[in-house]
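Participant: Starting off with a structure, shown below.
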Amino acid sequence: MLTDKLQRPLRDLRISVTDRCNFRCVYCMPKEAFGRDHAFLGRDQLLTFEEIAHLARIFSSLGVKKVRITGGEPLLRRDLERLVAMLAAIPGLDLTMTTNGSLLAEKAQLLRDAGLRRVTVSLDSLDDGVFRAMNDADFPVERVLAGIEAAARVGLSPIKINAVVRRGMNEHTLLPLARHFRGTGHVLRFIEYMDVGHSNGWLLDHVVPAAEILSRIDAGMPIEPVEPSYPGEVATRWRYRDGGGEIGVVASVTQPFCQGCSRARLSAEGQLFTCLFATSGQDLRALLRGGAGDGAISSAISGVWSDREDRYSEIRSGQTAGLPRIEMSYVGG
Ligand SMILES: C[S@@+](CC[C@H](N)C(=O)[O-])C[C@H]1O[C@@H](n2cnc3c(N)ncnc32)[C@H](O)[C@@H]1O
Ligand code: SF4
């Protein structure tokens, strides 16, 4: 089994299919940094679907069991269902996607038919004003809710709902969000605001710690902890004491989980990153387009993984704050 220097296996691959997005979430792609003149990747820079599927097959042969399609906003990539079908044809891969849900109502059936199993939808608040302010594209909350309903209808479930909590923006709306999804079978996961990239102007003061998030929920609807469903699970699990279902909390800032991290990330232009906070990647597109065979590409990936010792979130400190960092919309959230 392929493991890194800290004995962590390579089990998950996140594939970013585009660095573009129709939202400008303040914690991810703030307008000041991603304005009209921002240089996004050109079409010929993006990996083609065939190239992505080719790499995914190699990753699968190296032990990857789960692939998550992400971005940017993955549903902006035209004919994405074609890629889904190609990835779904790889035996033994659990295939899922993270999306902002804006195009999900139209796409859910096509994605399901192509072989997508499940979906994670990001939704930070049910309060329309708060949601529009956070996505900063004036996008209404009902359309994301319609996307979630469509996904549930076609069986892209269990659906996970990701809510990033940013101090001063949405922490007063967490309880209504939890109430809405309680009893639906969808699993709401609150995510601590992370210091990814440089453009969001992250400050520790903007983070609402998981402990505070949980006590806000517990005060309205009592909860108790649940054992992790597998080692290295990113979210800690909680359930409503009265049987109304589960929620999760991703405490990447206050309780980092680097120890169990088995994730590699492939950017939309084919750079392989071994950490969300990595400063450089390995250019797999150059290998593919340079005519390298599967053996050579597989050795390159194994080499990168066996050298891996990233544990940024555990060593996050004043010294790491100034280091160069890639943006989440580029490397894939
Ligand atoms: C980068 S997005 C890409 C997929 C899609 N556009 C979406 O929003 O679901 C993936 C996830 O990262 C989360 N995210 C983005 N920036 C973040 C940050 N600074 N801290 C924590 N989570 C963040 C988003 O809320 C989303 O759930
Ligand atoms: S979090 Fe997702 S929806 Fe929001 S700007 Fe980033 S990529 Fe777009």
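The values are calculated or read from the model by the stated rules, or taken from the named source; none is laboratory data. Note that the structure is predicted; figures quoted are calculated from it, not measured. Note that each Cβ is placed from the backbone with ideal geometry, even for glycine, and that neighbours are counted across all protein chains shown. Side chains included, ligands, DNA and RNA excluded: accessible areas come from the protein's heavy atoms. Shrake-Rupley method; radii C 1.70, N 1.55, O 1.52, S 1.80 Å.
Participant: If the Cβ limit is 8 Å and pairs must be 6+ apart or interchain, which residue in region 159-172 that is within 12 Å of Ile191 (Cα to Cα) pairs with which residue that is among the aromatic types (Phe, Trp, Tyr) and open to solvent by 20 Å² or more (accessible area, probe 1.4 Å)?
Facilitator: From residues that are within 12 Å of Ile191 (Cα to Cα), the pairs are Val164/Tyr27; Arg166/Tyr27.
Participant: Are there any pairs, at least 6 apart or on different chains, whose C-beta atoms fall under 8 Å, with the first in region 87-110 and at positive phi and the second assigned to a helix (DSSP H, G or I) and open to solvent by 40 Å² or more (accessible area, probe 1.4 Å), and if so, which?
Facilitator: Cβ pairs passing all conditions: Gly101/Arg143.
Participant: Can I ask one more? What residue, among those in region 141-172 that are part of a loop (DSSP other than H, G, I, E, B) and away from ligand 2 (no atom under 14 Å from the Cβ), is nearest to Ala88 (Cα to Cα)? Can you show your working first?
Facilitator: The initial filter retains those residues of region 141-172 that are part of a loop (DSSP other than H, G, I, E, B), namely 155-159, 167-170.
Next cut, away from ligand 2 (no atom under 14 Å from the Cβ) only: 155-159, 167-168.
Values: Gly155: 16, Leu156: 14, Ser157: 16, Pro158: 18, Ile159: 18, Arg167: 39, Gly168: 41 Å.
So the residue we want is Leu156.
Participant: Only one of (1) under 26 Å from Asp195 (Cβ atoms); (2) under 21 Å from the mean Cα position of the chain (by Cα); (3) modelled with pLDDT of 95 or more fails for Glu246. Which number is that?
Facilitator: (1)
Participant: Follow-up. I need the full set of residues from region 41-88 which are crowded, with 17+ Cβ neighbours inside 10 Å, away from ligand 2 (no atom under 16 Å from the Cβ) and among the polar types (S, T, N, Q), in order please.
Facilitator: Listed by number, the list holds a single entry, Ser60.
Participant: Out of the residues in region 1-40 that are open to solvent by less than 30 Å² (accessible area, probe 1.4 Å), more than 16 Å from ligand 1 (Cβ to nearest atom) and in contact with a Phe, Trp or Tyr (Cβ under 8 Å, 6 or more places away or on another chain), which is farthest from Ser125 (Cα to Cα)?
Facilitator: That would be Asp4.
Participant: Check Ser102, Ser125 and return the single one that is closer than 20 Å to Met194 by Cβ, in a loop (DSSP other than H, G, I, E, B), among the hydroxyl-bearing types (Ser, Thr, Tyr) and open to solvent by less than 40 Å² (accessible area, probe 1.4 Å).
Facilitator: Every option except Ser125 fails the conditions.
Participant: Also, quick follow-up: Considering only region 234-333, give the helices (runs of 4 or more DSSP H) lying wholly within it that have at least 1 residues that are under 30 Å from Arg216 (Cβ atoms), open to solvent by 60 Å² or more (accessible area, probe 1.4 Å) and without any contact (Cβ under 8 Å) to a residue 60 or more places away in the chain.
Facilitator: Helices (runs of 4 or more DSSP H) meeting the threshold: 312-315, 318-321.
Let's see how each residue does on (1) of a type outside the set (Gly, Ala, Ser); (2) on the phi > 0 side of the Ramachandran plot; (3) in a loop (DSSP other than H, G, I, E, B):
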| site | (1), (2), (3) |
| --- | --- |
| Arg14 | yes, no, no |
| Asp19 | yes, no, yes |
| Cys25 | yes, no, yes |
| Cys28 | yes, no, yes |
| Lys31 | yes, no, yes |
| Gly35 | no, no, yes |
| Leu41 | yes, no, yes |
| Phe59 | yes, no, no |
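Participant: State the number of residues belonging to region 40-57 that are under 15 Å from Ile69 (Cα atoms), without any contact (Cβ under 8 Å) to a residue 60 or more places away in the chain and among the acidic types (Asp, Glu).
Facilitator: Total satisfying the criteria: 1.
Participant: Could you count how many residues in region 135-148 are open to solvent by less than 40 Å² (accessible area, probe 1.4 Å), within 14 Å of Cys25 (Cα to Cα) and out of contact with any Cys (no Cβ under 6 Å at 6 or more places or on another chain)?
Facilitator: The total comes to 3.
Participant: Still on this structure: Would it be correct to say that Gly72 is within 16 Å of ligand 1 (Cβ to nearest atom) and touching a Lys or Arg at 6+ places or on another chain (Cβ under 6 Å)?
Facilitator: When the stated conditions are applied, Gly72 passes them.
Participant: While we're looking at this one, here's another question. Check Val119, Val130, Val144 and return the single one that is among the β-branched types (Val, Ile, Thr), within 16 Å of ligand 1 (Cβ to nearest atom), at pLDDT 95 or above and more than 20 Å from the chain's Cα centre (by Cα).
Facilitator: Val130
Participant: May I pose another question? Starting from region 191-210, keep only residues that are within 17 Å of Leu174 (Cβ to Cβ), then list their pairs with residues that are within 11 Å of ligand 2 (Cβ to nearest atom) and open to solvent by 10 Å² or more (accessible area, probe 1.4 Å) whose Cβ atoms are within a distance under 7 Å, requiring at least 6 positions of separation or different chains.
Facilitator: Listed pairs, sorted by first residue: Ile191/Asn162; Ile191/Val164; Tyr193/Tyr27; Tyr193/Val164.
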